[in-house]
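The values are calculated or read from the model by the stated rules, or taken from the named source; none is laboratory data. All values derive from a computational prediction rather than experimental measurement. Note that we place each Cβ from the backbone using ideal geometry, even for glycine, and neighbour counts take in every protein chain shown. Accessible surface is based on the protein model in full, side chains and every heavy atom, while ligands, DNA and RNA are left aside. Shrake-Rupley method; radii C 1.70, N 1.55, O 1.52, S 1.80 Å.
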Amino acid sequence: MAVAAIAWGTVSGARVILLDGAYALVGLLLTWTSLRASAAASGGATARHPFGREAFTPLVIALQGAALGATLVFATADAVVLLASGGSQGTPLSVLVYSVVAGAGAAVVARWMGRRVPGSELVTVEAAQWRASAALSAIVAVGAGVAIALAVPLGDGFTRYVDPVLVIVACAVVAPMPVRMLRDAGRELTEGAPPPPVLAAILAAVETVRAEHALDAPTVRATKLGRKLYVEVDFVVQPGRWDVSDEDDVRRGVLAALAPLGFDVWANVELTTDPSLVD
């Protein structure tokens, strides 16, 4: 699809088709990087990485967001230059035909990927890129169709500006995706709180265990790194009433309550009589 887009865009002179081809080529490179990161992350802990290499997942997602964002910035700047220089030679009919073909292909791939591995963050990001490509193609197709309809009353001079305008519109539509990828990956790499739904599920699980053991409200800290979920739960208890086996029971309860979330949970559950140790 990338090669076809670049060839089609070069022959027709349509910058918006070239943008789609460049977007696809960048996606191919990033997909290969994602596969390598997935293999490394699933390799588990090593002597050099005793806590595993789950950080590769958000790191690759951040690289994807940065590369896609740079592609959109370059395409937008090129479109502005084209507008200032009198437009493009690309014909709306060629853009319309390509957009329909490319959009249908991207929609099929996005649906297939989403159903194959629904729990993988890397696959989710990849499928989101294909869905964005399908949506982008649909918007470009509509714009090209409108341009064809207006070509008769407005004249051929109008169509010269259709291609760069469509490029700018397409970039604006896709722009939120790399921004979201960078934001989410940055949150994980800087050990920020997990997404609100995950955090709410953690707090609900801890509350269930707290009620079962009649404990006071604990201090809960959590962060997510790829498929790994770090949870720290600190309970302050009265001296002389709890021993190590009781702490083990609470820890097992927390782990069991967090298991349905589907993450690789690393839980640290502590019972202490000293409130200063949980600050």
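Here are some notes:
- Checking each residue of region 71-86 against the condition of being closer than 17 Å to residue 32 by Cβ, touching a helix residue (DSSP H, G or I) at 6+ places or on another chain (Cβ under 9 Å) and hydrophobic (A, V, I, L, M, F, W, C) gives no match.
- Residues that are open to solvent by less than 70 Å² (accessible area, probe 1.4 Å), touching a residue at least 12 places away in the same chain (Cβ under 8 Å) and closer than 30 Å to residue 91 by Cβ do occur in region 148-156.
- Residue selected from region 175-218 under the condition of a type in the set (Asp, Glu) and over 30 Å from residue 238 (Cβ atoms), by the criterion nearest to the chain's Cα centre (by Cα): 184
- Matching entry among 269, 206, 198 (being closer than 26 Å to residue 183 by Cα, touching a residue at least 12 places away in the same chain (Cβ under 8 Å) and either touching a His at 6+ places or on another chain (Cβ under 9 Å) or β-branched (Val, Ile, Thr) (or both)): 198
- Annotation: of all residues in region 180-217 being open to solvent by less than 30 Å² (accessible area, probe 1.4 Å) and of a type in the set (Val, Ile, Thr), the one that is farthest from residue 261 (Cα to Cα) is 209.
- Residue count for region 268-279, restricted to those that are open to solvent by 30 Å² or more (accessible area, probe 1.4 Å) and under 9 Å from residue 232 (Cβ atoms): 2.
- The numbered conditions (1) open to solvent by 70 Å² or more (accessible area, probe 1.4 Å); (2) on the phi > 0 side of the Ramachandran plot are all true for residue 112 except (2).
- Test: residue in region 30-45 that is β-branched (Val, Ile, Thr) and closer than 27 Å to residue 117 by Cα: yes
- Residue match in region 233-240 (condition: in contact (Cβ under 8 Å) with a residue 40 or more places away in the chain and touching a strand residue (DSSP E or B) at 6+ places or on another chain (Cβ under 9 Å)): yes
- Taken together, the residues in region 256-272 that are outside any helix (DSSP H, G or I) and either aliphatic (A, V, I, L, M) or touching a Cys at 6+ places or on another chain (Cβ under 8 Å) (or both) amount to 4.
- Condition check for residue 167 on (1) touching a residue at least 24 places away in the same chain (Cβ under 8 Å); (2) open to solvent by 20 Å² or more (accessible area, probe 1.4 Å): one failure, at (2).
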